[in-house]
Amino acid sequence: MFRASDNELTSNLAVVSIYITPVNDAPVGFSEVLTLDEDTSISYTLSAFDADGDWVGRRMNTMPEKGIVQMIDASLGEILYIPDPDAFGTDSFSYVVFDGTTFSEPAVISLVINEVNDKPLANTDTISIFEDNSLRYTLTGTDPDNNPLTFSLLNTPTLGSVTLADAATGLIYYTPTADVYGDEQIIFKVNDGILDSDPAVLTIRIKEFNDPPTASPYGITVTEDIPFVFMAAGIDPDNDPITYRISTLPTKGQLNVINAQSGEMQYTPNLNETGTDTFTYIINDTFEDSHPVTVTVMITEVNDPPVGKNYYTSLIEDTPTQMDLIADDVEGDSLTFTIVRNGNKGDAQFINNQIGRCVYVPSYNQTGIDSFSFQVSDGKNVSEPAFVTMTIIDVNDAPMAYSDTVYLFEDTPLSYTFSADDQFFSCCHRSGK
């Protein structure tokens, strides 16, 4: 309001009205520093202010690196921060505030995660030794914070004595009482300088002294050309599970292990092999090998029938031909040859049936293909029939003139036809007087 004056008179009171147009103010989020312990979650309400008194909501802008943050209520700004297991140090995330029109600048929540010592862990283990054998062993443990560990023993063993040689490394020496076997337990713990671990147990299984498996040399008998399955001999004095493996292979056959646990094996003699053969195998009881066990194989001979060889030849018509027939016998026995079926165009007969020498005599004027079969005996077996096939080559035969006697009267002319024959022509030239 105002008045105007000219130094003599004053005006009436005037009023000037000013209208201020409102402009929305951005909301504000507030940065904060929160402190929590390792492996502990924290709830927090994100602060916000809006000068216009508008409703505001919160929204995550960036996420933390060492944990996760959950928005419980965006309107109220309630959040829950959960650090990663064993994480410590600093972490942060940011949020913005929204009033329905404008976002605030990001506000940063900084987190200081206090390191909290974690309890170390002593490792349980089981180990085996033989009776009367000492043990050098290193106990083990872990610490999530990687602090140095100290080992300590919590009990006195009952089957022997134990010494903690180095508390920093967990090295112990254990000596069982003579001739004692069974399960021994060493109870121990580790300390990280602040906290003890829960007790752990090292179980020492003292095994009765191992005796290696054994077997005496022995023999098997097999038949020529026939595979033979057998169970390999072997025992273990401690009744431990045993397995079998081949040590040296045979020379006259093949050897295969069918079942290494039961000792089932198969010996297959080479074709036509006879006589003696040997191989060795070894038995193992998980701890020790046996001495090699020698097996002698007697391969019993089985007579193989001889084999006659097919034979092919050619000969001249009407000409007897000698030939030596061939046969094989694996055992090299003396052989005897026999004609089974003779030819259709001639006959074969042996000159010496011990060596297969024979002569084939073609029938008169026969030509073309003929064959006969023969068998061979070694005195025990007879071969399958073998065949001799012959080509009889045609040869031209000279014609034949026939003698004759004729009678005629004195001073009487005579007309006469000479008589002749040829195998290949129906007529032939005749001359004479």
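The values are calculated or read from the model by the stated rules, or taken from the named source; none is laboratory data. As the structure is a computational prediction, the values presented were derived from the model and not from experiment. When we count neighbours, we look across all protein chains shown, and the Cβ atoms used for this are built from the backbone with ideal geometry, even at glycine.
Anything in the range 255-313 that is assigned to a loop (DSSP other than H, G, I, E, B) and among the aromatic types (Phe, Trp, Tyr)? List them, or say none.
Matches in the range 255-313: Phe287 only.
Give me the residue from the range 317-339 that is more than 14 Å from Thr389 (Cα to Cα) and among the hydrophobic types (A, V, I, L, M, F, W, C) and, out of that set, surrounded by the most Cβ atoms within 10 Å (Cβ to Cβ).
Ranking the qualifying residues of the range 317-339, first place goes to Phe337.
Here is a list: Ala200, Ala215. Which entry is of a type outside the set (Val, Ile, Thr) and in contact with a Phe, Trp or Tyr (Cβ under 8 Å, 6 or more places away or on another chain)?
Being of a type outside the set (Val, Ile, Thr) and in contact with a Phe, Trp or Tyr (Cβ under 8 Å, 6 or more places away or on another chain) holds for just one of Ala200, Ala215, which is Ala200.
Taking the range 119-144 only, how many residues are surrounded by fewer than 18 Cβ atoms within 10 Å (Cβ to Cβ), in a loop (DSSP other than H, G, I, E, B) and among the charged types (D, E, K, R)?
Counting residues in the range 119-144 that are surrounded by fewer than 18 Cβ atoms within 10 Å (Cβ to Cβ), in a loop (DSSP other than H, G, I, E, B) and among the charged types (D, E, K, R) gives 3.
Checking the condition surrounded by fewer than 13 Cβ atoms within 10 Å (Cβ to Cβ), touching a residue at least 24 places away in the same chain (Cβ under 8 Å) and either part of a strand (DSSP E or B) or in contact with a Ser or Thr (Cβ under 6 Å, 6 or more places away or on another chain) (or both), which residue from Thr203, Thr221, Thr175 passes?
Thr221
To keep it simple, each residue is scored yes or no on (1) in contact (Cβ under 8 Å) with a residue 40 or more places away in the chain; (2) surrounded by 13 or more Cβ atoms within 10 Å (Cβ to Cβ); (3) aromatic (Phe, Trp, Tyr).
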site	(1), (2), (3)
Lys345	yes, yes, no
Ile351	no, no, no
Val359	no, yes, no
Thr367	yes, yes, no
Phe374	yes, yes, yes
Asn381	yes, yes, no
Phe387	yes, yes, yes
Met390	yes, yes, no
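Taking into account only those residues within the range 1-58 that are outside any strand (DSSP E or B) and among the β-branched types (Val, Ile, Thr), which is nearest to Ser94 (Cα to Cα)?
Ranking the candidates gives Val56 first.
How many of the residues in the range 382-413 are more than 60 Å from the chain's Cα centre (by Cα) and either of a type in the set (Ser, Thr, Tyr) or not assigned by the TED database to the domain that holds Val361 (or both)?
6
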